[in-house]
Amino acid sequence: MKKLILVVSPPACGKTFISKKIAETADHMVYLDKDTLIPLSKIIFEVGKQEYNRSSDFFEEYIRNPEYDVILDLAYDALRYEDYVLVNAPFTREIHSEDYLKDMKKKLHDKYNAELVIVWVKTSPETCHQRMIDRNSDRDTWKLEHWDEYIAGIDFTIPDPLYNKDCVDELFIFNNSSENEYKESMQDFMKEL
């Protein structure tokens, strides 16, 4: 059966690195990264005469949800042609919503004969902080400058709906706070896939 694989977690947990390694290792997989849409989003900020801030009210109102809609539309389209489609994105709100996940799972089953697989990247907040510093990306500027405020709003626990078989066909917890955890989780995930 075909699979839509969502690699999810808070920012800087290692989603991109893990997603790319999975895509490089697996056969018949399309890799999609929501960050690919950032150049388009920057233009929306510019046209809206807004400061580039992915934590702003402007981003929340005009950009965030359309980014998710577009990346999922691309994923659904890719499932018509390939067995596995992997989407690398936080899905921070969506994975907490049973209704959202149930609707996605139903759409996948009914329209694409596909399953929904969630890979939760589990990483410590300290590791995320260091990775954010190391990657030195402008998308993290506000987060790093307001770290205490930012991290207070981030939930590192695995959302309950991900354990619900009515919402998700399969949940894989990918431990990624150290090199050894990464290697072991990668090996286990590729066996399951």
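The values are calculated or read from the model by the stated rules, or taken from the named source; none is laboratory data. Note that the structure is a prediction, hence the values are computed from the model and not measured. With ideal geometry, Cβ positions are generated from the backbone for all residues, glycine too; neighbour counts draw on all protein chains shown.
Name the pairs whose Cβ atoms lie under 7 Å apart, with the first residue in the stretch 144-157 and free of Cβ contacts under 8 Å to residues at least 40 places away in the same chain, the second aliphatic (A, V, I, L, M) and surrounded by 11 or more Cβ atoms within 10 Å (Cβ to Cβ), and 6 or more positions between them or separate chains?
Matching pairs, first to second residue: L144/M132; L144/I133.
Is it the case that the stretch 71-85 has a residue that's surrounded by 15 or more Cβ atoms within 10 Å (Cβ to Cβ), among the aromatic types (F, W, Y) and within 26 Å of L171 (Cβ to Cβ)?
yes
Scan the stretch 121-134 residue by residue and report those that are out of contact with any Phe, Trp or Tyr (no Cβ under 6 Å at 6 or more places or on another chain) and surrounded by 21 or more Cβ atoms within 10 Å (Cβ to Cβ).
Within the stretch 121-134, T123, C128 qualify.
Look at N113 and say whether it is at pLDDT 95 or above, in contact with a helix residue (DSSP H, G or I) (Cβ under 9 Å, 6 or more places away or on another chain), surrounded by 14 or more Cβ atoms within 10 Å (Cβ to Cβ) and not β-branched (V, I, T).
No, not satisfied.
Select, from L101, L108, the only residue that is out of contact with any Pro (no Cβ under 9 Å at 6 or more places or on another chain) and in contact (Cβ under 8 Å) with a residue 24 or more places away in the chain.
L108
Being acidic (D, E) and under 21 Å from M104 (Cα atoms) is the filter here, so list the residues in the stretch 2-33 that pass it.
Within the stretch 2-33, D33 is the sole residue that qualifies.
Could you check the stretch 116-140 and list, in sequence order, the residues that are in a helix (DSSP H, G or I) and in contact (Cβ under 8 Å) with a residue 24 or more places away in the chain?
Passing the criteria: P125, T127, C128, H129, R131, M132, R135, D138, R139, D140.
Quick check on the stretch 46-60: of everything there that is farther than 18 Å from K34 by Cβ and free of Cβ contacts under 8 Å to residues at least 12 places away in the same chain, which residue is surrounded by the fewest Cβ atoms within 10 Å (Cβ to Cβ)?
Here the residue is K49.
Of the conditions (1) assigned to a helix (DSSP H, G or I); (2) surrounded by 14 or more Cβ atoms within 10 Å (Cβ to Cβ); (3) not hydroxyl-bearing (S, T, Y), K183 clears all except one; give me its number.
All conditions pass for K183, except number (2).
Filter the stretch 135-175 for residues that are within 20 Å of I18 (Cα to Cα), acidic (D, E) and buried (at least 16 other Cβ atoms within 10 Å of the Cβ) and give the result.
Listed by number, the list holds a single entry, D140.
Could you figure out which of (1) touching a Ser or Thr at 6+ places or on another chain (Cβ under 6 Å); (2) touching a residue at least 24 places away in the same chain (Cβ under 8 Å) isn't true of I63?
The failed condition is (2).
If I go through the stretch 17-41 residue by residue, how many of them are part of a helix (DSSP H, G or I), crowded, with 18+ Cβ neighbours inside 10 Å and under 12 Å from the mean Cα position of the chain (by Cα)?
3
Can you spot a residue in the stretch 39-58 that is modelled with pLDDT of 95 or more, touching a Ser or Thr at 6+ places or on another chain (Cβ under 6 Å) and within 20 Å of D138 (Cβ to Cβ)?
No, that holds for no residue.
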